Amino acid sequence: MSGLLTPELLANIGKQSAPRREIVTRRDIRKYAIATDNRQRKYLDGDVAPPMFHVALFWDVVELDQLTPDGVSIDTLLPKFPLEKAMAGGLDIEYHRPIHPGDWLTSVRTLTDIYEKSGRSGPLIFYEIVMDVTNDDGELVIREKTTRILR
Amino acid sequence: MNPKVGDHLPERRHTVGNVQLMLYNAALWNGHRIHFDEPYAKDVEGYPGLVVAGPLIGDWLNQCVEVWLGDAGTLTRIEYSNRAASYVGDVIIVGGTVTAVDGGEVTVEVSARNEAGDVLAPGVATARLGS
């Protein structure tokens, strides 16, 4: 280990985003289903949301002057890391309940882990963010864990 | 449906065009220029073309499992990682194999690969049989 992760950086583990509440519309489901090449009628008609629709529903909506020159929104949950080149990422998604038009869903994101490994070409920083999506009854609809690697 | 270890899921080939990639990122509100600004993607970032969005490939893994399941079950979990980039115009082949059947639960190994055989996104999905 090259000791990239200072106590100050690691102190960000546990940091949580403010809850975001969004409404699911048939139109948004249809757009998502069409853009992903889906062939199932229930999704193309927007009767129910396909898996991974939550990725679109909770993508950060920021104003133009908050985007970087390459068009990316800055994730305010993340500290400034000593490595910045993003490599492969992974998702682990649990589907607990179906999503329908008219549903109000709330997401909360938590930075759950930061760790370091040595890769072939130098040190790598991993971080994990868990996003819980719940309905207005407080029931878990989706739990998604994102793992990202920086080099 | 009576899935058995070793069963293959029907494969599907996807070819992403500019319009689809733009609509996908618009549906997300993803303004990352590597997905729509070809001079930027090539000259500044050094990619051979416009980069297919990682979660779009992930979505296809979900679809592969759901289409195979039909009404016989429900997708309950999927994990995958984006290992290699792919570009507008590439043909991306998505498929899977049943690796475990335990009572009402089926585990499937899924993958997306390009025509050269490079694995772009390997994953594991779990489904519950029955409605």
Quick one: Karplus J couplings for segment A:44-54, per residue in order, coefficients 6.51, -1.76, 1.60, θ = phi - 60°, nearest Hz, x for Gly and Pro?
4, 7, x, 6, 8, 7, x, x, 6, 4, 4
Averaged over the residues of B:55-66, the number of partner chain Cβ atoms within 10 Å of each residue's own Cβ comes to 5
Using the Karplus equation 6.51 cos²θ - 1.76 cosθ + 1.60 (θ = phi - 60°), what ³J(HN,Hα) coupling, rounded to whole Hz, does each residue of segment B:54-65 give in order, writing x for Gly and Pro?
x, x, 5, 5, x, 4, 5, 5, 4, 4, 4, 6
If you place +1 on the Cβ of every Lys and Arg, -1 on the Cβ of every Asp and Glu, and leave all else neutral, what size is the dipole of segment A:1-69 about its Cα centre, to the nearest 20 Debye?
440 debye
List the relative contact order of chain A as a percent without decimals, with contacts defined as Cα pairs under 8 Å and 6+ residues apart.
30 percent
When the dipole is taken about the Cα centre of segment B:1-121, and only Lys, Arg (+1) and Asp, Glu (-1) are charged at their Cβ, what size is it in debye, to the nearest 20?
80 debye
Summing -39500 (n - 2.57) over every DSSP H run of at least 4 in chain A, dividing by its residue total and rounding to the nearest 500, the 222 nm mean residue ellipticity is -3500 deg cm²/dmol
Relative to the longest principal axis of the C-alpha atoms of chain B, give the angle of the C-alpha long axis of helix B:18-28, reported between 0 and 90° and rounded to the nearest 10°.
70 degrees
Can you send over the carbon and sulfur percentage of the accessible area for chain A, probe radius 1.4 Å, protein chains only?
51 percent
Could you give the accessible area per residue of the protein assembly as shown, probe 1.4 Å, as a whole number in Å²?
50 Å²
In nanometres, what is the gap between the two model label sites at residue B:38 and residue A:62, each 7 Å from Cα along Cα-to-Cβ?
2.9 nm
Sparse-neighbour loop sites [GluC sites (Glu not before Pro); segment B:4-82; at most 15 other C-beta within 10 Å; DSSP]
B:45
Calc'd 3J(HN,Hα), segment A:8-18, phi into Karplus 6.51 cos²θ - 1.76 cosθ + 1.60 (θ = phi - 60°), Hz, glycine/Pro = x, comes to 5, 5, 5, 5, 6, 4, x, 4, 10, 7, 5
Give the span of the protein assembly as shown's Cα atoms along each principal axis, as three whole-Å numbers ordered largest to smallest.
52, 47, 38
Per residue, how big is the convex hull around the C-alpha atoms of segment B:1-106? Give it to me in cubic angstrom, could you?
113 Å³
Are there trypsin sites (Lys or Arg not before Pro) in segment B:37-131 that DSSP marks as loop and that have at most 15 other Cβ atoms within 10 Å, and which are they?
none
Can you check what the net charge comes to around residue A:120, using other residues whose Cβ is under 15 Å from the Cβ of residue A:120 (Lys, Arg +1; Asp, Glu -1)?
+3
Among the residues of segment B:1-40, which ones have their accessible area go down by 40 Å² or more when all the protein chains sit together, as opposed to their chain alone (1.4 Å probe)?
B:12, B:20, B:24, B:27, B:28, B:29, B:32
Between chains B and A, total accessible area buried, probe 1.4 Å, no ligands or nucleic acids, nearest 100 Å², roughly 2700 Å²
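The values are calculated or read from the model by the stated rules, or taken from the named source; none is laboratory data. These numbers were taken from a predicted model, which means no experiment stands behind them. Counting neighbours? That spans all protein chains shown, and the Cβs are built from the backbone with ideal geometry, glycine included. Please note that ligands, DNA and RNA were not included when accessible areas were found on the heavy atoms of the full protein model with its side chains. Shrake-Rupley method; radii C 1.70, N 1.55, O 1.52, S 1.80 Å.
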